[in-house]
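All remarks here apply to the structure that follows.
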Amino acid sequence: MIENIEIAKQLDEVGDLLEIQEANPFRVRAYRNAVRTITELATPLERMVADEEDLTALPGIGKELSRHITELVTTGEMGVLAELREDVPSTLVQIMRLPGVGPKSARKLWHELGVETVEELKSAAEEGRVSELKGFGEKKQALILSGIEQFHRHSARYRLDEADRFAAPLLEYLSALGEAEKVEVAGSYRRRCETVGDIDILVLSSAPEPVMERFVSYPSVEKVLAAGGTRGSVVLRSGLQVDLRVVPAESYGAALVYFTGSKEHNIRLRKRALDRGLTVSEYGVFELLETPEPEAKPAEAEAESEDAAPRRAGRQVAGRTEKEVYGAVELPYIIPELREARGEIAAAEAGELPDLVNLDDLRGDLQMHSTWSDGKNSIEEMLDGCVERGYEYFAITDHSKALAMIEGLDEEGLQRQFGEIEELSGRHPEIRILRSMEVDILADGTLDLADEMLEALDLVVISIHSMFSLPAARQTERVLKALQHPAADVLAHPTARLINKREPVDFDLEQVIACAAENRVALELNANPHRLDLKDTQLMLAKSLGAKVVISTDAHRVADLALMPYGVEQARRAWLEKGDVLNAFPREDFLDYFGIE
Ligand code: DGT
Ligand code: CA
Ligand code: CA
Ligand code: ZN
């Protein structure tokens, strides 16, 4: 069977290749028009062809196109595309989509430099050969290189919020199918890793075919990599790969454990099973039939080998639910965020799994901006958003003046803001508005606000927004100095990294954390999914060195207050409990901790 979307895609490629060939523009346009018609067409062309309906009755479809479509539907191939592909490498299509390229340039690059793929174009540009072409030049070459970087980045790892945006509609789409009894995302997405390589979906169903059929015909699918009986794999138009498995009820829990991973966690579970005469696979937990031969691999190596287990499997003892699977190896259920082989199995065995912080535990948000600096909403609007979330306190942390380009507040502006906060506080006794500011750490480690004003703030949040590439020794010194300022309360987004965009600053994190702990400065876990700073492993280090954490959204508009779950999930990955997170403290305890009246 062939979907309309696939037909449209092939016709679109014909249009692309014709353009590269410098074919008659009217002919190219005919293909583009047909693509538009077919993309919007509700009736499957396949059915229209089977019913011998007249395709030329459709807008934009003439005799030639009608013939091509009929051929594709009936034979699975379209001669015109196959012929074009013999003349023009179809990888040029990717090249002509790069910023600043287009079909003419793609043709030129191909003819004059022999460039057929994005990789080859990259080498050519790096060697400076592209700029030498007539009509290209240095500027265009640089544009091409940055476009290629973008292209590669998109084939790399996706931020969790991006993955959420792609996964949510797909889950809804799959769940709408009656045969899909349960649909869940496993893999790094379920463990709530900060980025994901791909999305792994598990569907509980006793009817794999309709599930697979629906999966590969998801409208955003760009390419079907595989579509077997129970496993499929596609690439979405965004470049994100999605793997799907259909499993029966008796294996669902085991498959969920297996595909949630992490791989290292799975290896440890399997070893534990072998020690108990059991074998764990994606199909279930089974009794081992034979005792291993004397010369057999030690359990460690056995656990890592993927195929050894099922061969000798006997009676199934567990598999329907995850709880059952963990139970079979004498462990309590371990939540996905902890499944990273960071000691969770030992902790589970000893009955010492952490009582992780929850979204509901949070009583306030300690970094947000208002229209007083670069925020989009007034303090009162932010207040309403915080009240709606049931918070007991929140901090307004507009930028200090060093951030001139966004008009940070100076001493005088801050004074005026205090007036507004006082007025609002009078009207809203249900929530405490903390007078605060996100004060820049200047190049030499001093703070961008006069000491009298720092004294007057309830909560002093400090952070780096410049000089990201200082050498490690100087960067460390700079931050240590700022942390030792007696007014400092919170170090915001400590490493200043932006996921997939900016590397963390180079400093001695252990020294920074130790200094923060010693000076009672809390470390922020910035919940914005672009930041997630500190990240999970760094937060674990912070906890082990006795530093406290605050989870803040860094909201620049009311809607951003909803980013808090991303922070909480990363906190859970770091084994943080309520007591580690200061904004999980009730109002009085929180105020006491920082000595706020
Ligand atoms: P990703 O996609 O790179 O963000 O990370 P994951 O963890 O989602 O990895 P992925 O998609 O390659 O595989 C999904 C899960 O399947 C993984 O977490 C554990 C399981 N898995 C995959 N390959 C293996 C393997 O070779 N051995 C074991 N034990 N488990 C595997
Ligand atoms: Ca994955
Ligand atoms: Ca995968
Ligand atoms: Zn900031």
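Odds and ends about this structure:
- Rg and Dmax of the stretch 536-578, both derived from C-alpha coordinates alone, stand at 11.5, 34 Å.
- Chain lengthening between Ala350 and Leu41 when straightened (0.36 nm per residue, less Cα-Cα): 105.3 nm
- Rounded D (µm²/s) - the stretch 350-390, Kirkwood Rh over Cα pairs, Stokes-Einstein at 4 °C, 1.567 mPa s: 103 µm²/s
- Shape analysis of the stretch 324-460 based on the Cα gyration tensor places the equivalent ellipsoid semi-axes at 42, 20, 12 Å, largest first.
- Each helix, a run of at least 4 DSSP H residues, gives -39500 (n - 2.57); summed and divided by the residues of the chain, these come to -13000 deg cm²/dmol at 222 nm.
- Solvent-accessible area per residue, Å², over the chain with all protein chains present [probe radius 1.4 Å]: 45 Å²
- ³J(HN,Hα), Karplus 6.51/-1.76/1.60, whole Hz, each residue of the stretch 425-435, x for Gly, Pro: 4, x, 8, 10, x, 5, 9, 8, 8, 8, 6
- 5 angstrom amide H check on Leu434, placed H, neighbours 5+ away: Phe394, Ala395, Ile396
- Radius of gyration over Kirkwood radius for the stretch 511-595, both on Cα atoms: the Rg/Rh ratio is 0.96.
- Protection proxy ranking of 18-24, 397-403 - average other beta-carbon atoms within 10 Å, highest first: 397-403, 18-24
- Entry for the stretch 410-534 at q = 0.15 Å⁻¹: log10 I(q)/I(0) = -0.72, Debye formula applied to identical alpha-carbon scatterers, no solvent contribution.
- Distribution of pairwise C-alpha distances over the stretch 32-175, 10 Å bins, in %: 10, 27, 22, 28, 12, 1
- Whole-number percent relative contact order across the stretch 359-594, with pairs defined as alpha carbons under 8 Å at least 6 apart: 20 percent
- Convex hull of Cα atoms in the stretch 359-594, direction-averaged projection (nm²): 11.2 nm²
- When restricted to Cα atoms, the chain yields an Rg and a Dmax of 29.2, 84 Å, respectively.
- If the segment from Glu209 to Lys263 were pulled out straight at 0.36 nm per residue, it would be longer than the present Cα-Cα gap by 16.6 nm.
- Dipole magnitude of the stretch 505-570, debye to nearest 20 (Cβ charges: Lys/Arg +1, Asp/Glu -1, about Cα centre): 220 debye
- Signed unit charges on C-beta, dipole axis of the stretch 359-594, positive-most listed residue Asn526, Gln417, Gly390: Asn526
- Antiparallel bridges, percent of DSSP beta bridges restricted to the chain (to nearest 5): 50 percent
- The chain: angle of helix 102-113 to the longest principal axis, Cα-based, in degrees nearest 10: 80 degrees
- Carbon + sulfur, % of accessible area of the chain - ligands and nucleic acids excluded, 1.4 Å: 49 percent
- Theoretical gain in end-to-end length, Thr446 to Thr74 [0.36 nm per residue, Cα-Cα removed]: 126.6 nm
- The stretch 1-93, relative contact order in percent, only Cα pairs under 8 angstrom and at least six apart counted: 36 percent
- Rel. contact order, % - alpha carbon contacts under 8 angstrom, at least six apart, the chain: 8 percent
- The fraction of all Cα pairs in the stretch 108-258 landing in successive 10 Å bins from 0 to the largest distance is 11, 32, 23, 16, 13, 5, 0, given as whole percents.
- Restraint check, Lys481/Lys543; Lys9/Lys223; Lys108/Lys134; Lys376/Lys501; Lys401/Lys501; Lys263/Lys501, Cα-Cα greater than 18 Å: Lys481/Lys543; Lys376/Lys501; Lys401/Lys501; Lys263/Lys501
- Dipole magnitude of the chain about its Cα centre (Cβ charges: Lys, Arg +1; Asp, Glu -1), debye to nearest 20: 1320 debye
- Value of Rg/Rh across the stretch 189-257 [Cα atoms, Kirkwood radius]: 0.98
The values are calculated or read from the model by the stated rules, or taken from the named source; none is laboratory data. The shown structure was predicted, so the numbers you read here are calculated from the model rather than taken from an experiment. Every residue, glycine as well, gets a Cβ built from its backbone with ideal geometry; the counts of neighbours run over all protein chains shown. Ligands, DNA and RNA are stripped out before the accessible areas are found, and what is left, the full protein with its side chains, is counted by its heavy atoms. Shrake-Rupley method; radii C 1.70, N 1.55, O 1.52, S 1.80 Å.
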